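Input: a single structure, listed below in structure tokens.
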2 protein chains.
Amino acid sequence: MSLPHAILTALLEKPSSGLELTRRFDKSIGYFWSATHQQIYRELGRLEEAGQIRALPSPVPVRGQRKEYEVLPAGREFLREWVGAAEDPKPLRSALLLRMRAAAVVGSAGLRAELERHLALHRAQLDEYRAIEERDFPAERRTGEPDRLRHLVLRGGIDLERFWVEWLTAALTELGPPEE
Amino acid sequence: MSLPHAILTALLEKPSSGLELTRRFDKSIGYFWSATHQQIYRELGRLEEAGQIRALPSPVPVRGQRKEYEVLPAGREFLREWVGAAEDPKPLRSALLLRMRAAAVVGSAGLRAELERHLALHRAQLDEYRAIEERDFPAERRTGEPDRLRHLVLRGGIDLERFWVEWLTAALTELGPPEE
DNA sequence: GCCGCTTGTGCAACTAGTTGCAGAAAGATC
DNA sequence: GATCTTTCTGCAACTAGTTGCACAAGCGGC
């Protein structure tokens with residue numbers, strides 16, 4: 001399970017409060033490890049309990065008030081170990097591929113519209129990734145190891161979206177004209 | 001959630017007992033919607049309860065004895081509706097991409113070996129898919145709609161594995177020589 | 001005829017992730 | 001200065017998925 005590692009990574013990149021983390025998950029880390037604010041708050045509690053992060057000293061420790069967290073040495077070490085650990089890839093789960101297989105059995109009525117909708121979503125995501133690439137990784141900035149690695153991650157996201165766009169396009173062609 | 005749909009699809013393709021389903025998940029449907037035997041037994045119970053499948057009449061309804069299930073009309077209808085339903089793609093979750101991002105922060109020690117291990121696994125999966133394609137979808141068999149759709153699904157699997165093989169190869173190059 | 005192995009089904013207890021809601025604090029509106 | 005809205009944190013209850021184990025039936029050997 002990788003949520004604690006995702007949070008530690010985000011906190012090392014920049015100490016944050018729970019809500020800040022949630023927002024950053026929505027537009028960065030969350031692109032390949034999504035989490036709701038609920039998961040994040042709960043995990044922050046566990047990580048603090050385990051001595052891997054701590055809340056920055058603040059005047060009043062009251063509910064409804066932002067709490068900034070930073071990573072402790074134990075947390076950094078925990079993350080460092082995980083980077084080199086053996087962990088098998090989780091088997092793929094795609095409801096869309098499954099649906100197409102179901103369509104082979106009960107007919108493909110209505111599937112075309114869904115494929116078009118997904119195609120639009122993946123195109124949008126692809127555009128977003130490309131915008132990020134232009135903004136954060138112009139050719140001249142791809143030098144230090146950290147940046148090279150982060151750029152690789154983004155390239156992974158881009159190529160995955162490209163895969164979906166291509167597959168969906170092929171599927172739509174194969175499915176034939178609308179209202180066949 | 002798609003497990004019931006996966007099971008209905010599998011049962012429509014061929015009525016089976018719980019264990020048979022488990023085996024078929026391990027080498028077919030499960031490639032894009034995996035499930036353990038536990039999940040399958042539990043879901044079979046629910047589907048039977050809901051009147052979407054039924055156990056074929058058997059002499060003795062005892063524990064430890066195989067039970068064949070077949071899909072009832074209500075189950076088929078349920079699946080048919082799902083094929084055309086709107087359902088957003090679930091956000092990507094890749095522990096490996098996440099790990100690379102963590103590596104950008106705490107260093108990439110040990111990561112290279114993991115990338116190589118994953119590369120081998122994805123290559124093996126790719127080979128398996130290709131063998132299935134040759135066996136089940138020779139060029140002359142890709143005619144009826146059901147077969148065309150099933151082949152599309154398999155092509156999706158193949159291209160996804162190809163994506164990983166290419167990305168991992170690029171990542172290893174980018175990471176530089178071993179023991180940098 | 002019993003002993004151990006495999007096949008098949010399933011319960012129980014766990015971890016991970018989701019959804020709905022609530023309450024405190026602080027700024028915005030009148 | 002009363003109320004309204006937004007921000008931020010969090011509890012509670014749920015669904016999905018995993019892991020470990022148990023128990024029955026059949027089969028094979030001896």
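The values are calculated or read from the model by the stated rules, or taken from the named source; none is laboratory data. None of the values given here were measured: they were computed from a predicted structure. Positions of Cβ are backbone-derived with ideal geometry, glycine not excepted, and every protein chain shown enters the neighbour counts. In case anyone asks, the SASA skips ligands and DNA or RNA and just uses the protein heavy atoms, side chains included. Shrake-Rupley method; radii C 1.70, N 1.55, O 1.52, S 1.80 Å.
In the range A:156-168, the residue that is farthest from the chain's Cα centre (by Cα) out of those that are at the interface with chain B (Cβ under 7 Å from one of its Cβ atoms) and surrounded by fewer than 20 Cβ atoms within 10 Å (Cβ to Cβ) is A:163. Let me spell it out: the conditions are (1) modelled with pLDDT under 95; (2) within 16 Å of DNA strand D (Cβ to nearest atom), and residue B:79 meets all of them except one. Which number is the exception? Single failed check for residue B:79: (1).
Residues checked against (1) open to solvent by 10 Å² or more (accessible area, probe 1.4 Å); (2) in a helix (DSSP H, G or I); (3) more than 10 Å from every other protein chain (Cβ to nearest Cβ):
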| residue | (1), (2), (3) |
| --- | --- |
| A:1 | yes, no, no |
| A:4 | yes, yes, yes |
| A:9 | no, yes, no |
| A:20 | yes, yes, yes |
| A:23 | yes, yes, yes |
| A:35 | yes, no, no |
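Test residue A:149 against the stated conditions and say whether it is within 14 Å of the chain's Cα centre (by Cα), surrounded by 16 or more Cβ atoms within 10 Å (Cβ to Cβ) and facing chain B (nearest Cβ under 9 Å). The answer is no for residue A:149. Among helices (runs of 4 or more DSSP H) entirely within the range B:73-180, having at least 3 residues that are under 19 Å from residue A:153 (Cα atoms) singles out B:95-106, B:111-136, B:145-175.
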